[in-house]
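This report refers to the structure that appears directly beneath it.
Since every read-out is calculated from the coordinates, none of them should be taken as a lab result. This is a predicted model, so every value here is computed, not measured. Note that we place each Cβ from the backbone using ideal geometry, even for glycine, and neighbour counts take in every protein chain shown.
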Amino acid sequence: MTDQPVAPGDLPEDALRRLREMRGEGGHAALFTSDLSVNEFLLVKEAGYDPVGLVVGSSIYHIGIQVANYKQNQELQVLSQAMYQARELAMSRMEEEASALAADGVVGVRLVINRYEWGEHLAEFMAIGTAVKGRGQPFRTAAGKPFTSDLSGQDFWTLLQAGYMPLGLVMGSCVYHVAHQGIGQFLRQVGQNQEMPNYTQALYDARELAMERMQTEANQLKAEGIVGAQIHEDNHGWGSHVIEFFAVGTAVRGTRAEHQIERPQMVLSLDQ
């Protein structure tokens, strides 16, 4: 890997100017920015990586409408695809900024969704993180891209110490319509303690689809596993019976056969 920036892609001119200034071009002194806490910043440096800049990717996306069968559990594939593609656009632009800084990876990645009053069906998808550059042998993914991770600085340090390396932030999305309960079924269940199998199966299926898609991305990166996996649920204003299940985590791969870290040390706080 060289220190020369890659092609800028579709980054806006203001972003390119900011990145050039951080690199120390045009008579500017090199300056990094970071959203890491002080502890995270120091541990990332201790791990052998130097922050080179805060990188951002954004995509304002129009989310279409899909009509669902009132009494049927089903995935709304049009909405699932929209949510996935919008996040991918934001992630790819964040990675472009990292590549423009000649970074090896991005740590502490956050995925944010913002909505604005001027667009009822519009949403801004943002990916934000701190680009870092390794001091030793450079590491990038098999595709030559910077690695991405949503792990904290502390977890990133621990992961490297144990002989693992993050490959990429992997995710899976499923927007699902949960069927409405019929009047007859409602009356039969009034006053009774019992499972609602219709709802149970719907939520179970939707989570499984999201997790399966996250795992598929990890397999494409040839990862050994996924750490820090989370499943988020939100309806994004679609109504009470339409829910997005979003699975996200960091795909990792071992860098050596032995995975050991130093034994934890007890620390006594002097704070009152």
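Per residue, the convex hull spanned by the Cα atoms of the range 13-254 amounts to 161 cubic angstrom. At a Cα cut-off below 17 Å, give the lysines reachable from LYS222, other chains included and same-chain residues fewer than 8 away excluded. The reachable lysines, counting only those whose Cα sits under 17 Å from LYS222, are LYS145.
Near THR148, the amide H atoms lying under 5 Å from its own belong to VAL106, GLY168, LEU169; only residues 5 or more places off or on other chains count, and H is placed 1.01 Å from N. Using a Gaussian network model of the chain in which every pair of alpha carbons under 10 angstrom is joined by a spring, one finds that among GLY144, GLY239, GLY225 the greatest mean-square fluctuation is at GLY239.
Within 10 Å, count the other beta carbons around each residue, average over each peptide in 117-125, 156-164, and list them highest first.
On the way: 117-125: 12.8, 156-164: 18.8.
Most protected by this proxy first, the peptides run 156-164, 117-125.
Computed packing ranks the peptides 76-86, 168-178 as 168-178, 76-86, most packed first, by mean other Cβ atoms within 10 Å. The antiparallel fraction among DSSP beta bridges confined to the chain stands at about 95%.
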